[in-house]
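The values are calculated or read from the model by the stated rules, or taken from the named source; none is laboratory data. Model, not experiment: these values are computed from the prediction. Note that we place each Cβ from the backbone using ideal geometry, even for glycine, and neighbour counts take in every protein chain shown. These area figures cover heavy atoms from the full protein model, side chains too; ligands, DNA and RNA do not enter into them. Shrake-Rupley method; radii C 1.70, N 1.55, O 1.52, S 1.80 Å.
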Amino acid sequence: QVQLVESGGGLVQPGGSLRLSCSASGSSFTFYYMGWYRQAPGKERELVAITTTSGSLNYADSVKGRFTISRDNAKNTVYLQMNSLKPEDTAVYYCYFYFRRDYWGQGTQVTVSS
């Protein structure tokens with residue numbers, strides 16, 4: 001059974017950086033989509049960044065130029081480097097993988113506050 005395990009969330013001051021990681025266990029295939037969503041209190045879950053096996057990338061306008069997504073297919077791991085963090089980036093971040101069906105991580109809290 002495939003499980004996604006996230007790490008790297010926490011509390012950071014505005015302007016700071018964090019790096020999120022998400023690894024899949026129990027899989028023998030390469031996921032077509034690997035990405036990140038986030039959900040802030042009282043808001044709907046939204047796409048942050050996503051990548052495909054062909055290397056195409058897509059970012060939310062709000063994070064372009066600040067966040068970088070990358071993947072390691074051999075490790076079935078996706079990363080999200082978050083720089084120049086803002087208070088409005090505060091949310092629970094969920095990793096998302098796709099191969100024939102959706103897979104979701106358990107979520108990791110990112111709080112940007114002074």
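Annotation: of all residues in the stretch 69-114 being small (Gly, Ala, Ser) and under 19 Å from THR52 (Cβ atoms), the one that is least open to solvent (accessible area, probe 1.4 Å) is GLY105. Against the conditions (1) open to solvent by 70 Å² or more (accessible area, probe 1.4 Å); (2) more than 22 Å from ASN83 (Cβ to Cβ), VAL2 satisfies every one except (1). Does any residue of the stretch 45-66 turn out to be without any contact (Cβ under 8 Å) to a residue 24 or more places away in the chain, in contact with an Asp or Glu (Cβ under 9 Å, 6 or more places away or on another chain) and either open to solvent by less than 60 Å² (accessible area, probe 1.4 Å) or hydroxyl-bearing (Ser, Thr, Tyr) (or both)? Yes, some residue in the stretch 45-66 is without any contact (Cβ under 8 Å) to a residue 24 or more places away in the chain, in contact with an Asp or Glu (Cβ under 9 Å, 6 or more places away or on another chain) and either open to solvent by less than 60 Å² (accessible area, probe 1.4 Å) or hydroxyl-bearing (Ser, Thr, Tyr) (or both). Within the stretch 25-44, being among the charged types (D, E, K, R) and farther than 19 Å from GLN81 by Cα holds for LYS43, GLU44. Regarding ALA24, is this residue over 30 Å from SER114 (Cβ atoms), at pLDDT below 95, not aromatic (Phe, Trp, Tyr) and not in a loop (DSSP other than H, G, I, E, B)? So ALA24 does not fit the description; no.
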